[in-house]
Structures are given as C-alpha cells and as structure tokens.
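> What follows is a single structure, and I will ask about it in a moment.
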Amino acid sequence: MSAERTMLIVNPFGGTRQGLAILDQVKPVFSGAGIEVDVRTTECAGDARQIARTLPLDCYGNLCVVGGDGTVHEVVSGLIEGGQSASIPLGIIPAGTGNDVARQFGIASPLDAAGRIIAGRTSPFDVMKVDAGGETDYCVTLVGWTGVADINATAARLRSLGWLR
C-alpha cells in the first residue's frame, strides 16, 4: 500500500451537486502534502458501489468518498461485497445534503476532512448487514421500515431545503 497515493470516488450529482467543486477544493490539499490523487467520478446510482467492489486497492494508501451519505453507503457496500472492507482506510469528504455520517465523525467541512485524511486520523465504525427479501445490503447510518422509510421518501422530495430537510 502506498500512503502517497489516494483514490477519490466523487459523486458530482449528490446533495447540492457540489461534488466536483469540492474535489477542486481538496485536491490542492492532497498535492500540497505530496499525495498523488486518482479520481473516479460516478455517473449514476450504483456506480460508487461498483467502483468500490472492483477497484484494485493494493496501490492506494486510502480510499476517499467525495459525496453524501448515499455515496458513503454505496462505497462501504461495494468494499464489503468485494471482500476489501478491512484492507484500506476510508476517508469521507462531505459533499451531500445532510452529511450525517461526516457529522457523526465531527467533520466540519471538506477541507477539515482532507486535513484529517492526510494526518491519518482514523475512527472505527460499525456496519450493519441487512438480509431482507432475498437481498443483502449494508448500512452505516440507520435501518428503517414503514414510518422511517416514508419519512425518508418525503425528505428526498425536500432536498432543496438542504440539511434542514
């Protein structure tokens, strides 16, 4: 593994569609620390999961997500499905609407996240495996049925309100 090389999976469509602008903010932080950055950009739902599932990680010091909670969910799920979940640190650079996962780790901004990643600050986190209806999925924030699912669907329609939704 090389600490001098980082893979960033970027969701340009999540949250307020600022993923690429945030990428432009954090790339100089990595290059200023002498870290080479490779970028894979998602194009549609499920791309981050597929990228994480098939990405050869042996040449990277860490894998970073530039996106929101949904992108983090996809990357974690892909890493687990590809059998790579414990082999690499996962950096979270918030670029979503709510950024609940990043907030749980006390990440204040994309630049704060980049600084933490470069400093090698890590924190363990739990992942829940859910088997339902013949399908398996993984969660890093919450699992909900009925009322919780209905609330989440309503919140998705109110995306324009930002994190307050």
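The values are calculated or read from the model by the stated rules, or taken from the named source; none is laboratory data. As the structure is a prediction and not an experimental result, all values here were calculated from the model. Please note: Cβ atoms are built from the backbone with ideal geometry, for glycine as well, and neighbour counts cover all protein chains shown. Side chains included, ligands, DNA and RNA excluded: accessible areas come from the protein's heavy atoms. Shrake-Rupley method; radii C 1.70, N 1.55, O 1.52, S 1.80 Å.
> For region 81-92, check the following and say yes or no: at least one residue is in contact (Cβ under 8 Å) with a residue 24 or more places away in the chain and over 24 Å from Glu4 (Cβ atoms).
Yes, there is a match, as at least one residue in region 81-92 is in contact (Cβ under 8 Å) with a residue 24 or more places away in the chain and over 24 Å from Glu4 (Cβ atoms).
> When you scan region 31-41, do you find a residue that is without any contact (Cβ under 8 Å) to a residue 24 or more places away in the chain, out of contact with any Cys (no Cβ under 8 Å at 6 or more places or on another chain) and part of a loop (DSSP other than H, G, I, E, B), even just one?
No: zero hits.
> Further, regarding this structure: Could you list, in sequence order, the residues of region 77-135 that are among the small types (Gly, Ala, Ser), part of a helix (DSSP H, G or I), over 17 Å from Leu23 (Cβ atoms) and open to solvent by 30 Å² or more (accessible area, probe 1.4 Å)?
Of everything in region 77-135, just one residue is among the small types (Gly, Ala, Ser), part of a helix (DSSP H, G or I), over 17 Å from Leu23 (Cβ atoms) and open to solvent by 30 Å² or more (accessible area, probe 1.4 Å), namely Ala119.
> Are any of the residues in region 57-68 touching a Pro at 6+ places or on another chain (Cβ under 8 Å), assigned to a strand (DSSP E or B) and either touching a residue at least 60 places away in the same chain (Cβ under 8 Å) or open to solvent by 30 Å² or more (accessible area, probe 1.4 Å) (or both)?
No, region 57-68 contains no residue that is touching a Pro at 6+ places or on another chain (Cβ under 8 Å), assigned to a strand (DSSP E or B) and either touching a residue at least 60 places away in the same chain (Cβ under 8 Å) or open to solvent by 30 Å² or more (accessible area, probe 1.4 Å) (or both).
> Considering region 108-128 alone, what residues qualify as being free of Cβ contacts under 8 Å to residues at least 40 places away in the same chain and within 22 Å of Ile80 (Cβ to Cβ)?
Thr122, Ser123, Pro124, Phe125, Asp126, Met128, listed by residue number.
> Could you tell me whether Ile35 is surrounded by fewer than 22 Cβ atoms within 10 Å (Cβ to Cβ), at pLDDT below 95 and on the phi < 0 side of the Ramachandran plot?
no
> Which numbered condition in (1) at pLDDT 95 or above; (2) open to solvent by 50 Å² or more (accessible area, probe 1.4 Å); (3) touching a helix residue (DSSP H, G or I) at 6+ places or on another chain (Cβ under 8 Å) is the only one that Arg49 fails?
Going through (1) at pLDDT 95 or above; (2) open to solvent by 50 Å² or more (accessible area, probe 1.4 Å); (3) touching a helix residue (DSSP H, G or I) at 6+ places or on another chain (Cβ under 8 Å) one by one, Arg49 breaks only (2).
> Right, next: Out of Ala48, Ala52, report the one residue that is assigned to a helix (DSSP H, G or I) and either in contact with a strand residue (DSSP E or B) (Cβ under 6 Å, 6 or more places away or on another chain) or aromatic (Phe, Trp, Tyr) (or both).
Only one candidate passes the filter, namely Ala48.
> Now a separate question. Can you find even one residue in region 139-146 that is out of contact with any Cys (no Cβ under 7 Å at 6 or more places or on another chain), crowded, with 20+ Cβ neighbours inside 10 Å and touching a residue at least 24 places away in the same chain (Cβ under 8 Å)?
No, every residue in region 139-146 fails to be out of contact with any Cys (no Cβ under 7 Å at 6 or more places or on another chain), crowded, with 20+ Cβ neighbours inside 10 Å and touching a residue at least 24 places away in the same chain (Cβ under 8 Å).
> When you go through (1) under 18 Å from Val140 (Cβ atoms); (2) open to solvent by 30 Å² or more (accessible area, probe 1.4 Å) one by one for Thr71, which number turns out not to apply?
(2)
> Return the total of residues in region 2-30 being assigned to a loop (DSSP other than H, G, I, E, B), open to solvent by 50 Å² or more (accessible area, probe 1.4 Å) and on the phi < 0 side of the Ramachandran plot.
Selection size over region 2-30: 5.
> Scan region 70-106 for residues that are under 14 Å from the mean Cα position of the chain (by Cα) and farther than 20 Å from Arg121 by Cβ and jot them down.
Correct list: Gly70, Thr71, His73, Glu74, Ser77, Gly78, Ile80, Gly96, Thr97, Gly98.
> Going by the conditions given, is Val29 in contact with a strand residue (DSSP E or B) (Cβ under 8 Å, 6 or more places away or on another chain) and modelled with pLDDT of 95 or more? Reasoning before the result, please.
Values: in contact with a strand residue (DSSP E or B) (Cβ under 8 Å, 6 or more places away or on another chain): no; modelled with pLDDT of 95 or more: yes.
Here the answer is no, as Val29 does not meet what is asked.
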